[in-house]
Amino acid sequence: RWLELAPGSAYANHARGEYYRDLAWQSRGENWASETPRDNMRRMSGFVEQAIPYFRRAADIKPDLMPAYAALLDISTVDSRRGLAREAVERAVKQDPACIEMARQRMRSAQPRWGGDYNEMLSIAAELSKHVAQRPELAIDTVAPFGARGDRRDAEKHNKIERVEILD
């Protein structure tokens, strides 16, 4: 109803996008894609498709609405839409290159689990490190590649010494 009453509201558009994003994640579940039924993946993609125009419209109306870009990046990650991910990052960086929420989403989307790789994560970390003086909390995100690599090693059941060597 909110969107019907205020179609030009960035927040109403963002809220509708969030509704579809939530449905997409509910459809997908938390398992790896290989362990998720195809019907769930199809439903998820359909909800992602419905969410995209609402987040784009929200960002068009209010370009500094950073959660709209973070949401676009999130749904691009879950549905393997690299072009949409680039769009979200490019638009967000123009508004606020040191946005904490975008930094976290960028690191998550760059993880190998989601189609990225550690070199991409390191590149993002280098970019973010330029803004740590402005936003010290970004320091946490600059070390994310090392944590992700350690987590991956844990998942592969390597011993503790090998994990420590990665972090050295």
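The values are calculated or read from the model by the stated rules, or taken from the named source; none is laboratory data. The structure presented is a predicted model; accordingly, all values stated were derived computationally and were not measured. Heads up, the Cβs are rebuilt from the backbone with ideal geometry, glycines too, and the neighbour counts pull from every protein chain shown. The area values use the complete protein model at the heavy-atom level, side chains included, leaving out ligands, DNA and RNA. Shrake-Rupley method; radii C 1.70, N 1.55, O 1.52, S 1.80 Å.
Quick notes on this one:
- Residues within the range 1-17 that are open to solvent by 50 Å² or more (accessible area, probe 1.4 Å) and either part of a helix (DSSP H, G or I) or among the aromatic types (Phe, Trp, Tyr) (or both), tallied: 5
- Subset of the range 60-92 (residues that are in contact (Cβ under 8 Å) with a residue 40 or more places away in the chain, closer than 22 Å to GLU30 by Cα and small (Gly, Ala, Ser)): ALA71
- Unique residue being small (Gly, Ala, Ser), at pLDDT below 95 and either surrounded by 16 or more Cβ atoms within 10 Å (Cβ to Cβ) or within 23 Å of ALA139 (Cα to Cα) (or both) when the list is SER109, SER80: SER109
- Qualifying residue in the range 41-52 (condition: basic (Lys, Arg) and touching a residue at least 24 places away in the same chain (Cβ under 8 Å)): no
- Taking the range 19-62 as the range and being under 18 Å from the mean Cα position of the chain (by Cα) and not in a helix (DSSP H, G or I) as the test, the residues that pass are GLY29, GLU30, ASN31, TRP32.
- Subset of the range 38-58 (residues that are hydrophobic (A, V, I, L, M, F, W, C) and either touching a strand residue (DSSP E or B) at 6+ places or on another chain (Cβ under 8 Å) or open to solvent by less than 40 Å² (accessible area, probe 1.4 Å) (or both)): MET44, VAL48, ALA51, ILE52, PHE55, ALA58
- Residue identified as of a type in the set (D, E, K, R) and touching a helix residue (DSSP H, G or I) at 6+ places or on another chain (Cβ under 6 Å) among ASP79, ASP60, ASP22: ASP79
- Only one of the numbered conditions (1) more than 13 Å from the chain's Cα centre (by Cα); (2) in a helix (DSSP H, G or I); (3) aliphatic (A, V, I, L, M) is not met by ALA98, and that is (2).
- Selected residue (criterion: farthest from the chain's Cα centre (by Cα)) from residues of the range 63-77 that are open to solvent by 10 Å² or more (accessible area, probe 1.4 Å) and hydrophobic (A, V, I, L, M, F, W, C): LEU65
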